[in-house]
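This report concerns only the one structure given below.
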Amino acid sequence: MQALQSSSLRASPPNPLRLPSNRQSHQIITTNARPLRRHRSFISASASTVSAPKRETDPKKRVVITGMGLVSVFGNDVDAYYDKLLSGESGISLIDRFDASKFPTRFGGQIRGFSSEGYIDGKNERRLDDCLKYCIVAGKKALESANLGGDKLNTIDKRKAGVLVGTGMGGLTVFSEGVQNLIEKGHRRISPFFIPYAITNMGSALLAIDLGLMGPNYSISTACATSNYCFYAAANHIRRGEADMMIAGGTEAAIIPIGLGGFVACRALSQRNDDPQTASRPWDKARDGFVMGEGAGVLVMESLEHAMKRGAPIVAEYLGGAVNCDAHHMTDPRADGLGVSSCIERCLEDAGVSPEEVNYINAHATSTLAGDLAEINAIKKVFKSTSGIKINATKSMIGHCLGAAGGLEAIATVKAINTGWLHPSINQFNPEQAVDFDTVPNQKKQHEVDVAISNSFGFGGHNSVVAFSAFKP
């Protein structure tokens, strides 16, 4: 996510969880096993030759996706969500949750008709910030799709099942109301839930408390790169043997006055109030900023060994990921694209994938002037041929869901792998000449995905890339 206004402040590099690069090779004995393909070497950002990548073969360290859950502007059902994306429907509309008439931006991907019935009790439904509600509902729905709903969850070792759902903004409604009460009524009128429901780790904590999951539990907050950071860290917990299963992703609920006003102040938002549904138009020459969205996207990630032991429904494989920092500017991308291109290269190395194997990219593509082209230029540094790669922009339909964006986009990526259909990037009217990829403009396309990557970048220069493929024993 990039604003249109510069600043002299610089961010320090993050200290992400890293996994040792040396891996042991083991054989998986299955009746349908296929030999691993040989991969060509590729050049890293440091220009040193990297040996031919090898995918993980140890079933204890291979990470598979067994469940997906979400809360979105298109509802809480994964299949219905992807059907809406495939149809090219826009979820952007005028905001009616509060009076936005005095804001220069008056629209967004506002969720309407959300229900937590069956997932959150009445008392907590009234108390919890929407950010926390979205997390809990998406997490429980992900477990249901992983065949771990209800009492079935008691069949696993809960001491080795963790939760890592992050958020960029946290419980913003609770925070905003607490500050307002302090100013208008004094400190005695601040809710005792003000701190617990505002802090970013509480979504993961409440989900674990509700379900009795005692494994690794925390949140990561790296702005709009949050979800991918969570996937990357969760997978590394599994690979190191610290967890058999992780519920991971992102949640966000920032379409409130202070959230909208804050991004307006950054001059980051589109102001196409006369036609909100065409406002999010990544790569289009007339783009004028991003569109706020909200929701949650969560994956159930397991070691292959654990998933096979319980007969889990495996929907995809997480091959690898990477995170790094531009170390350049609070909001603007590096002009040379080095942060993003090196993050993609590290992701491919971690995944054991050569650039030639990647044929689908779910782009960050926020519809900002600088960010869209910076991402394209970075991609071109890694992938020397664009002819076989298709790129699309989920944000063109649901807006930019901030810390939840990568979660919702990971689900779209996995559905593309499962269905063989890529959703369109809508609002492609007059694309930038530099974008010489097939962006799946305005109409869905059939495409057999070999390896997919999903990009997410955030304020502070945080870059994150994750790679997925169909599961093959």
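Quick one: would you say His306 is part of a loop (DSSP other than H, G, I, E, B) and open to solvent by 10 Å² or more (accessible area, probe 1.4 Å)?
no
From Gly69, Gly88, grab the single residue that is open to solvent by less than 30 Å² (accessible area, probe 1.4 Å), in a loop (DSSP other than H, G, I, E, B), at pLDDT 95 or above and out of contact with any Phe, Trp or Tyr (no Cβ under 8 Å at 6 or more places or on another chain).
Checking each option against the conditions leaves just Gly88.
Anything in the stretch 277-336 that is polar (S, T, N, Q) and in contact with a Lys or Arg (Cβ under 8 Å, 6 or more places away or on another chain)? List them, or say none.
Thr278, Ser280, Ser303, Asn324
Pairs needed: first member in the stretch 142-165, over 22 Å from Ser219 (Cα atoms) and open to solvent by less than 60 Å² (accessible area, probe 1.4 Å); second member anywhere, of a type in the set (Lys, Arg) and in a helix (DSSP H, G or I); C-beta distance under 8 Å; at least 6 residues apart or different chains.
Listed pairs, sorted by first residue: Gly149/Lys140.
Could you look through the stretch 261-298, keep only residues that are buried (at least 23 other Cβ atoms within 10 Å of the Cβ) and among the aliphatic types (A, V, I, L, M), and pick out the one that is farthest from Val78 (Cα to Cα)?
Top of the filtered list is Ala268.
Mind checking which helices (runs of 4 or more DSSP H) fall wholly inside the stretch 170-220 and carry at least 3 residues that are under 17 Å from Lys160 (Cα atoms)?
Ranges flagged: 202-211.
So that you can scan it fast, the table gives a plain yes or no per residue for (1) open to solvent by 10 Å² or more (accessible area, probe 1.4 Å); (2) closer than 20 Å to Gly461 by Cα; (3) hydroxyl-bearing (Ser, Thr, Tyr):
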{"position": "His328", "(1), (2), (3)": "yes, yes, no"}
{"position": "Ser341", "(1), (2), (3)": "no, yes, yes"}
{"position": "Ser354", "(1), (2), (3)": "no, no, yes"}
{"position": "Asn359", "(1), (2), (3)": "yes, no, no"}
{"position": "Ala365", "(1), (2), (3)": "no, yes, no"}
{"position": "Ile376", "(1), (2), (3)": "no, yes, no"}
{"position": "Lys380", "(1), (2), (3)": "yes, yes, no"}
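Cβ-Cβ below 7 Å, separation at least six or inter-chain, first residue in the stretch 396-412 and under 10 Å from Glu252 (Cβ atoms), second surrounded by 24 or more Cβ atoms within 10 Å (Cβ to Cβ) and modelled with pLDDT under 95: which pairs?
His400/Met1
Would you mind finding the one in Ala410, Ala365 that is in a helix (DSSP H, G or I), under 13 Å from Asn455 (Cβ atoms) and of a type in the set (Gly, Ala, Ser)?
On inspection, the qualifying residue turns out to be Ala410.
Do you know which residues across the stretch 91-105 are open to solvent by 80 Å² or more (accessible area, probe 1.4 Å) and in a loop (DSSP other than H, G, I, E, B)?
Asp96, Arg97, Asp99, Lys102
Does any residue in the stretch 189-206 that is over 19 Å from Ala142 (Cβ atoms) come within less than 6 Å, Cβ to Cβ, of a residue that is buried (at least 22 other Cβ atoms within 10 Å of the Cβ) and polar (S, T, N, Q) six or more places away or on a different chain, and which pairs are these?
Listed by first residue and then by second, the contacts come to Thr200/Thr167; Thr200/Ser219.
From the residues in the stretch 410-423 that are open to solvent by less than 10 Å² (accessible area, probe 1.4 Å), out of contact with any helix residue (DSSP H, G or I) (no Cβ under 8 Å at 6 or more places or on another chain) and not small (Gly, Ala, Ser), which one is nearest to Ser90 (Cα to Cα)?
Only one residue fits best here, namely Thr413.
Residues Ser456, Ser396, Ser464: which one is assigned to a helix (DSSP H, G or I), modelled with pLDDT of 95 or more and either in contact with a strand residue (DSSP E or B) (Cβ under 6 Å, 6 or more places away or on another chain) or open to solvent by 10 Å² or more (accessible area, probe 1.4 Å) (or both)?
Ser396
Right, Gln433: free of Cβ contacts under 8 Å to residues at least 40 places away in the same chain, in contact with a strand residue (DSSP E or B) (Cβ under 8 Å, 6 or more places away or on another chain) and either open to solvent by 10 Å² or more (accessible area, probe 1.4 Å) or among the β-branched types (Val, Ile, Thr) (or both) or not?
For Gln433, the condition - free of Cβ contacts under 8 Å to residues at least 40 places away in the same chain, in contact with a strand residue (DSSP E or B) (Cβ under 8 Å, 6 or more places away or on another chain) and either open to solvent by 10 Å² or more (accessible area, probe 1.4 Å) or among the β-branched types (Val, Ile, Thr) (or both) - is not met.
Suppose we filter the stretch 144-198 for residues that are more than 30 Å from Arg240 (Cα to Cα), aliphatic (A, V, I, L, M) and touching a helix residue (DSSP H, G or I) at 6+ places or on another chain (Cβ under 7 Å); how many remain?
Number of matching residues: 4.
Quick one: which residue in Ile314, Ile255 is buried (at least 17 other Cβ atoms within 10 Å of the Cβ) and closer than 23 Å to Ser90 by Cα?
Of the residues listed, the single one that is buried (at least 17 other Cβ atoms within 10 Å of the Cβ) and closer than 23 Å to Ser90 by Cα is Ile255.
Could you please let me know if Ile120 is in a loop (DSSP other than H, G, I, E, B) and open to solvent by less than 60 Å² (accessible area, probe 1.4 Å)?
The answer is yes for Ile120.
Looking at (1) out of contact with any helix residue (DSSP H, G or I) (no Cβ under 6 Å at 6 or more places or on another chain); (2) assigned to a loop (DSSP other than H, G, I, E, B); (3) open to solvent by less than 20 Å² (accessible area, probe 1.4 Å), which is the one condition that is false for Asp336?
Result: Asp336 passes all but (3).
The values are calculated or read from the model by the stated rules, or taken from the named source; none is laboratory data. This structure is a prediction, so every number in the text was calculated from the model and none was measured. Positions of Cβ are backbone-derived with ideal geometry, glycine not excepted, and every protein chain shown enters the neighbour counts. Heavy atoms of the whole protein, side chains included, go into the accessibility calculation; ligands, DNA and RNA do not. Shrake-Rupley method; radii C 1.70, N 1.55, O 1.52, S 1.80 Å.
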